[in-house]
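For reference, the structure is listed below as structure tokens.
Derivation of every value follows stated rules applied to the coordinates shown; laboratory data play no part. These numbers come from a predicted model, not from an experiment. Don't worry about glycine lacking a Cβ; one is built from the backbone with ideal geometry, like all the others, and counts go over all protein chains shown.
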Amino acid sequence: MAFKKFFILSELLSLLGVIWARVSLDFSNVTSPEHIRALEDFTIYAFLAHPSTSTFTLKLNSRAMQGMSHLVEQHGTQSSNDTSQEENTLLITDKKEPSVIPALTEEQIRARVPNVSDEALEVLKVIFSGQFSGPLTLSPSDEEFDDAIKIMYALRTGWDPNHVDPDPKILPIEKWKFPQELEAYFLQLTKEEEISGRQFYSPSSPLHVAPEHLKHMMSTSFTLPRNHDSSGIHKLSVALYLTKKFDSFGLMVVDHIFSATEYFFWFDQELQGVNVIGILAGSNWGTPQDKPVIIGAHYDTVPDTPGLDDNGSGLAALVEAARVLSSSGCSYGHSIFFVAFDLEEVGTQGSLMFVKDYLVKSIIKEFGIEEVTGAFILDCISNWDPNPDSQDFPGPWAAYLPSVNESMVEHNYTGDFTAILYRKEVDSHLAMTLNRFYHGLGHPKYRMELMGLEELGAKVPNISVLRNHFDFIRSDHVRFWYPNDTSYEKTIPAVLVTDMGPYRGYMRECYHKFCDSKEEGLQDMGMVTKVTQAVVWAVAELAEGNCGPRGRLSIKTLFSLMGSSDRQEPGEGMTIDSVQTAMEILHFLGLLPSLASQKDT
């Protein structure tokens, strides 16, 4: 058991960058259960810590330039042709020297880290000398543990006393120029594919997901390793692919380029990330009445894995949802954000920076938005396994979700379901809306399990509650639940939609491994298709969509009309009240010419 605890701690600390950083923590000599628990607390604290931003650039397409003119007016634009940088639609390529930790006086150190031993103080004085470049490894025994953990807390907490959150740099995406190697990868990704996905559009089936488009993306674009260290060119080509995809859908496109100041310290280099954002503006765009709906999925992987399930599946669903919702002919009251997060595998840094730097700072505060409808986070959604005992349900899950545990027993631990993880107090409206459409789509062999957590609420829980729930907060949804930003204290509703990743079927062995590939993961496309379709309908309804030539069909009505009778619950069918409404429906489905060419009756 002790070995297992050390393994888990090693994995988490590696995720946080404190194993290979300039200041490393070697805890192999720590044996006290009390200290092991303190290490767990540190990993959780560090995971939720809010890095400051040193690089914050927004590259906008022409539609975004118009739709976000407030940013252009405030900060101006810099033409990409005015720089000496290599032109690239994604990264800012000017090089920076690794930053040193700023100098602090002994008095400032003592104020920050009181009650440490003289030995620990000497270590801190070296680190905060203004000249420290490392590396330094702390290898405390149980007797030295308290001082070591105080040092680590000090280093994780806003070590630059003069830091001020920067304003963004605004750059237009005037044209796409990129290195020849990146161009070759991009052309390979788009081989035999029209980038807009128009070949999958059917005007007679609005809001209809195309399984063949999902499978195409998962078998080509999103089954390449996408890691900044081991496969940077692959990751950049996918980010470029996403940028061009969103642009072809007619969305406002933002390449959100970020780097936290702390990265210089932890990684001894600038660790830059790129979130790719597509925005379908609703009629309330730019006003306080807008209540944005967000669909998000991360596109990066750990080293040397194709990442088909984690998270090529969620990424394909994101892109297909963007295509369907933008091409449906429906209008929406609230704006819809489609976000491909970078660096989820590095402590969910991409979603953290998206919420802090872009969503809150550049949208919510600028427009005076009071309420965000919520976010659907898609992370591992394709692994369906109908075999008994194919599903693990670990102790913490069983303890906090007893009714779901009973369902696991009843279904012989079969991995044939999609899970929705949410906070009952905050996120139920998202979970229930998605669940309603998911069940309404039929195909009951792809089940759904609602996993509503009682003890996690709107406010950040104490450390013991977070420790016990750590398994439930290890994806991008946690950055919406607990933005942890003193300038924005509201929680943002969010649900995680998942197949539970490493706890099911082949992913027990292939999670974060090379075998998470199309050879294993494309055996059944039914669940990822059903999830994508349900998300499309749920988002369309929550965004207050209206469809039809006169915008008279609500999403709920349209869903009922397009559903087959065998998937309807008793009493859920729609009654057509007038011949004119019936004609509008037939025109919307492409079966009659436009009513505008006919006389009103």
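Legend: calculated FRET efficiency, Lys191 to His443, from the Cβ-Cβ distance at R0 = 35 Å, rounded to 0.05, equals 0.65.
One Cα centroid belongs to the stretch 494-527, the other to the stretch 304-343; the line between them spans 18 Å.
In order along the stretch 507-512, the phi-based Karplus estimate (6.51 cos²θ - 1.76 cosθ + 1.60, θ = phi - 60°) of 3J(HN,Hα) comes to 6, 4, 9, 9, 4, 6 Hz; Gly and Pro are listed as x. Sorted fewest first by neighbouring Cβ atoms within 10 angstrom, Ser248, Ser117 come out as Ser117, Ser248. Among Phe341, Phe470, the ranking by other beta carbons within 10 Å of each residue's beta carbon, starting with the fewest, stands as Phe470, Phe341.
For the stretch 117-130, backbone phi angles converted through the Karplus equation (6.51, -1.76, 1.60; θ = phi - 60°) give residue-by-residue couplings of 5, 4, 5, 5, 4, 5, 4, 5, 5, 5, 4, 9, 6, x Hz, Gly and Pro being listed as x.
Neighbours of Phe200 by Cβ distance under 15 Å: Lys/Arg scored +1, Asp/Glu scored -1, total -1.
In this calculation the C-beta distance from Thr557 to Lys513 is compared with R0 = 30 Å, giving a FRET efficiency of 0.05. Spacing of the modelled spin labels on Ser52 and Arg436, each 7 Å from Cα toward Cβ, amounts to 4.6 nm.
Take each peptide in 509-520, 234-245, count the other Cβ atoms within 10 Å of every residue, and average; sorted highest first, the result is 234-245, 509-520. Per-peptide packing, taken as the mean over residues of other Cβ atoms within 10 Å, places 141-149, 456-464 in the sequence 141-149, 456-464 from highest down.
Sequence-ordered 3J(HN,Hα) estimates for the stretch 344-352 from the Karplus curve with 6.51, -1.76 and 1.60 and θ = phi - 60° stand at 5, 6, 10, x, 6, 5, x, 5, 4 Hz, glycine and proline given as x. The share of alpha-carbon pairs in the stretch 354-458 lying farther apart than 21 Å comes to 47%. Approximating the spin labels as points 7 Å out from Cα along Cα→Cβ, the Gln66-to-Arg550 distance works out to 2.8 nm. With each label modelled as a point 7 angstrom along the Cα→C-beta vector, the Ser428-Val164 pair spans 4.6 nm.
Extension gain for the segment Glu181 to Phe132, taken as residue separation times 0.36 nm less the Cα-Cα distance, is 13.9 nm to one decimal. Label zone of Ala399 (point 7 Å out along Cα→Cβ, amide N under 12 Å): in the stretch 452-496 this covers 464-471.
Taking a sphere under 15 Å around the Cβ of Asn387 and counting the other residues whose Cβ falls inside, with K and R at +1 and D and E at -1, yields a net charge of -4. With a Förster radius of 35 Å applied to the beta-carbon distance between Glu144 and Asp229, the computed FRET efficiency rounds to 0.65. With neighbour counts taken as other beta-carbon atoms within 10 Å, the residues Trp481, Trp285 rank, fewest first, as Trp285, Trp481. Using modelled backbone amide H atoms (1.01 Å from N, in-plane), which distant-in-sequence or interchain residues come within less than 5 Å of Leu138's amide H? Here Ser24, Leu25, Asp26 satisfy the definition.
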